[in-house]
Structures are given as structure tokens and as C-alpha cells.
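See below for the structure under consideration.
The values are calculated or read from the model by the stated rules, or taken from the named source; none is laboratory data. Note that this is a predicted model, so its numbers are computed, not measured. Using ideal geometry, Cβ is built from the backbone for each residue, glycine included, and neighbour counts are taken over all protein chains shown.
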Amino acid sequence: MKYYPVCLNIKGRQCLVIGGGSVGTRKAETLFRCGASVTVISPDISDGLQSMAGANKIVLEIRDYDPQDLEGMFLVFCATNNMSLNQRIAGDAEQRGILCNSADLPEESDFILPSLVERGDLTIAISTAGTSPAFAKKLRKDLSEQFGQEYADFLALMGIIRKKLLAEAHDPQAHKRLFEQLIGSKLLEMLKEKNQEAVHDLLQAVLGPGFSHEDLYGHKEQ
């Protein structure tokens, strides 16, 4: 295995994107969605970055890169169209012990970014370790068709049930059996078909009173 797979918590972390084109815009958008504190530096910027800065989602500095920009950063993304500049930034980051990703230099990056399929709290990451981005793209398309919105609904419901169970009693073994029953049932199919009556009946049969569809979503809103 060439890369160590990890889901990284970057909430509140200082992350830097150098480059203001389409690639830099995508990096900044994803970092912001993950809760990072994002700074973008570039003499030329996209309309998307302008909009994000106007909405106070990112800090935007319209100027050239300076090595001092790396101070205090947790992650750095090189997203310029200048390969030599990207190499220099990657070298500066390495000297400071800062993790760096370069869009056009995966072999010189500390990490690469997988293709993603996202359905609510479900994230499926696909990587070919850089050997075939086209195949990763095909797999993402195939998995996007296989995993629909019902998976997001399923995980949202599981989260609500777990919260309610923990609020009533802490019994991991009992809870495990209940979740195994739900996972092994046809709950996903019921959610896909939006059959709320069947969902209600199943929740009552497995979890008992107080766990109807209405009870659980009312519990979430409190």
C-alpha cells in the first residue's frame, strides 16, 4: 500500500491554498466545507473565490506567494499553473514540516486526494495511488449510481437512534444487537421507496415504543 488512508479532522485548522484558478477554488471550497480556516493567496483569482471571500468563508490575499505565508499552517495546497513555483512551495513546506499537496506534482506531495462519493455522513474515497485517475473517475461514477440518497437518510436515522438510546441508557452490547437488526433489515429499501409506514412498523418492532419515525425526528429537533 503506497499511501496511508486517513480521514483527517481539519476543523478550525489553518489551511493555505496558493493559486486562484479552478483547482484552487475547488480546494478552498472543500476545505471550507470541512470546517478549516482557509487562506487563499494568488495574484489572479476566480469569481468563485471572490464570492467566498465576500461571504467571509475564506481569507483572500491578492498577491504573490511569500515563504512567510506558510507560518502557522497545518496543510498547504499548491494550485498554481507554474510548476517551478509549486515545486518551490513544496520545498518550503517540507523544510517547515508542513504537509503539502501539489496538484501537478503528486510524486512530490505528502498526500494525494481521492475521488469522493458523498451521501450525507457517508463518504466513499477512491484512490488508484495516482496510477490511473481515469479509472478512479469511472469507479466514482459507478459508485455514485449504486449509492443513492437513501444511504444519507439511513445514516441520519441511525445517528438519531443512537443519540436517543444513549440518552436513555448506556448498554453497548444491547445497542449493538439493535443496530445489527436494523442494518440486516430492509430499512434501506424502505427509505429508498419513502415507505414511512414500513419504516415506522420496523422501528417499533425492533426498538419498541418511543422510537416511531415521528418520535425520532421530533427528538432530533429538540
**OP:** Identify all residues within the stretch 14-38 that are closer than 14 Å to CYS78 by Cα and not aliphatic (A, V, I, L, M); write none if there are none.
**Re:** CYS15, GLY19, GLY20, GLY21, SER22, GLY24, THR25, ARG26, LYS27
Original post:
GLN68 is checked against (1) surrounded by 14 or more Cβ atoms within 10 Å (Cβ to Cβ); (2) closer than 24 Å to GLY12 by Cβ; (3) free of Cβ contacts under 8 Å to residues at least 24 places away in the same chain and fails just one. What number does that condition carry?
Top reply: (1)
Original post:
In the set VAL76, VAL38, which member is touching a residue at least 60 places away in the same chain (Cβ under 8 Å) and touching a Cys at 6+ places or on another chain (Cβ under 8 Å)?
Top reply: VAL76
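Looking for whichever is at pLDDT 95 or above, farther than 27 Å from GLU180 by Cβ, charged (D, E, K, R) and out of contact with any Asp or Glu (no Cβ under 8 Å at 6 or more places or on another chain) here; the options are ASP92, ASP153, ASP104. Which one fits? Don't jump to the end; show me each part of the working.
Working: ASP153 fails: farther than 27 Å from GLU180 by Cβ; ASP104 fails: at pLDDT 95 or above.
Result of the check over ASP92, ASP153, ASP104: ASP92.
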**OP:** Tell me which of these GLY120 doesn't satisfy, since it passes every other one: (1) touching a strand residue (DSSP E or B) at 6+ places or on another chain (Cβ under 7 Å); (2) not assigned by TED's automatic domain parsing to the domain that holds THR30.
**Re:** (1)
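Look through the stretch 78-109, keep the residues that are surrounded by 17 or more Cβ atoms within 10 Å (Cβ to Cβ) and more than 16 Å from ALA28 (Cα to Cα), and return whichever of them is farthest from the chain's Cα centre (by Cα). Lay out the reasoning, then the answer.
Going through the stretch 78-109, the residues surrounded by 17 or more Cβ atoms within 10 Å (Cβ to Cβ) turn out to be 78-80, 86, 89-90, 92-93, 98, 100-103, 109.
Now drop any that are not more than 16 Å from ALA28 (Cα to Cα), which leaves 86, 89-90, 92-93, 98, 109.
Working: ASN86: 25, ILE89: 25, ALA90: 24, ASP92: 27, ALA93: 24, ILE98: 21, SER109: 20 Å.
Only one residue tops the list, namely ASP92.
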Original post:
Can you pull out the residues in the stretch 45-72 that are β-branched (Val, Ile, Thr) and closer than 13 Å to LEU16 by Cβ?
Top reply: ILE58, VAL59
Original post:
ALA136 versus (1) under 21 Å from the mean Cα position of the chain (by Cα); (2) at pLDDT below 90: which is the lone unmet condition?
Top reply: (2)
Subject >> Residue that is more than 12 Å from PHE211 (Cα to Cα) and assigned by TED's automatic domain parsing to the domain that holds GLU214, where the choices are LYS176, LYS164 >> reply: LYS176
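I'd like the full set of residues that are more than 16 Å from THR80 (Cβ to Cβ), among the hydroxyl-bearing types (Ser, Thr, Tyr) and in contact with a strand residue (DSSP E or B) (Cβ under 9 Å, 6 or more places away or on another chain), limited to the stretch 35-69. Spell out how you get there, then give the answer.
Step one: filter the stretch 35-69 for residues more than 16 Å from THR80 (Cβ to Cβ), giving 35-38, 47-48, 50-59, 68.
Imposing the further condition that a residue be among the hydroxyl-bearing types (Ser, Thr, Tyr) reduces the set to 37, 51.
Residue satisfying the conditions is SER37 alone.
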Subject >> The listed residue being under 20 Å from SER102 (Cβ atoms), surrounded by 12 or more Cβ atoms within 10 Å (Cβ to Cβ) and of a type in the set (Ser, Thr, Tyr), out of SER42, SER51 >> reply: SER42
